[in-house]
Amino acid sequence: MTKEFLSFLLEDEEYAVPILDVREVRGWTPVRKVPNSPNYMQGVLEIRGEYIPIVDLRLRFGLSDAEINATTVVIVLNDQQRHPLGIIVDGVSEVYSLTNEQIKPSPHVSVDVDHRYVQGIVSVPNGHMVLINMQALFDTTELAQLSQTEESWA
């Protein structure tokens with residue numbers, strides 16, 4: 001059985017999320033800031049009447065801030081409860097069809113890495129790609145509260 005994954009770039013490294021979790025890919029547009037939010041939370045974006053929390057995935061991974069340019073995009077994802085979440089990435093790469101046999105567990109070589117964020121690693125033509133466990137990465141309860149706070153301001 002194969003599954004499709006949408007790959008994207010962060011600091012020239014390739015990551016991917018299951019394509020069935022992708023709602024849409026959008027070009028960058030400014031977001032509305034939310035007071036007292038975590039540093040990785042950039043704000044919310046209104047898309048067709050719905051407020052979507054937007055997260056800088058670079059900051060969430062402990063990398064430098066995203067530099068917004070022509071290739072910067074927001075990938076809008078759905079969590080398991082179909083709540084939307086937008087992630088800022090440097091650019092999208094391609095769609096991969098992968099079998100379970102191609103997905104290898106992440107190596108546990110460092111105690112500094114929180115492995116619950118990594119679903120697996122896959123060998124691809126340009127090197128390796130990290131499959132992200134999006135459910136573990138984001139506290140969707142916190143993000144939903146932030147988007148509901150924004151709705152109350154509207």
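Selection of segment 12-33 for residues being out of contact with any Phe, Trp or Tyr (no Cβ under 9 Å at 6 or more places or on another chain) and more than 14 Å from Val73 (Cα to Cα) yields Asp12, Glu13, Leu20, Asp21, Lys33. Tell me the residue from Asn78, Asn126 that is in contact with a strand residue (DSSP E or B) (Cβ under 9 Å, 6 or more places away or on another chain), farther than 22 Å from Gln42 by Cβ and either charged (D, E, K, R) or modelled with pLDDT of 75 or more (or both), please. Among Asn78, Asn126, only Asn126 is in contact with a strand residue (DSSP E or B) (Cβ under 9 Å, 6 or more places away or on another chain), farther than 22 Å from Gln42 by Cβ and either charged (D, E, K, R) or modelled with pLDDT of 75 or more (or both). A single member of Val17, Val34 is out of contact with any Asp or Glu (no Cβ under 7 Å at 6 or more places or on another chain) and β-branched (Val, Ile, Thr), and it is Val17. Could you list, in sequence order, the residues of segment 64-98 that are more than 23 Å from Thr2 (Cβ to Cβ) and hydrophobic (A, V, I, L, M, F, W, C)? Residues satisfying the conditions are Ala66, Ile68, Ala70, Val73, Val74, Val76, Leu85, Ile87, Ile88, Val89.
Return the residues of segment 43-58 that are crowded, with 16+ Cβ neighbours inside 10 Å and outside any strand (DSSP E or B); say none if nothing qualifies.
Within segment 43-58, the subset crowded, with 16+ Cβ neighbours inside 10 Å is 43-45, 47, 51-58.
Answer for segment 43-58, where residues must be crowded, with 16+ Cβ neighbours inside 10 Å and outside any strand (DSSP E or B): Leu57, Arg58.
Every residue in segment 9-42 that is in a strand (DSSP E or B), within 22 Å of Asn133 (Cα to Cα) and not aliphatic (A, V, I, L, M), please. Within segment 9-42, Glu13, Glu14, Tyr15, Pro18, Arg23, Glu24, Arg26, Gln42 meet the criteria. What residue, among those in segment 81-105 that are closer than 18 Å to Leu59 by Cβ and outside any loop (DSSP other than H, G, I, E, B), is modelled with the lowest pLDDT? It comes out as Leu85.
To keep it simple, each residue is scored yes or no on (1) farther than 19 Å from Asn39 by Cα; (2) in contact with a helix residue (DSSP H, G or I) (Cβ under 9 Å, 6 or more places away or on another chain); (3) buried (at least 20 other Cβ atoms within 10 Å of the Cβ).
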site: Ala66; (1), (2), (3): no, yes, no
site: Thr71; (1), (2), (3): yes, no, no
site: Gln81; (1), (2), (3): yes, yes, no
site: Leu85; (1), (2), (3): no, yes, yes
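The values are calculated or read from the model by the stated rules, or taken from the named source; none is laboratory data. Please read all numbers here as calculations on a predicted model, not as lab measurements. Every residue, glycine as well, gets a Cβ built from its backbone with ideal geometry; the counts of neighbours run over all protein chains shown.
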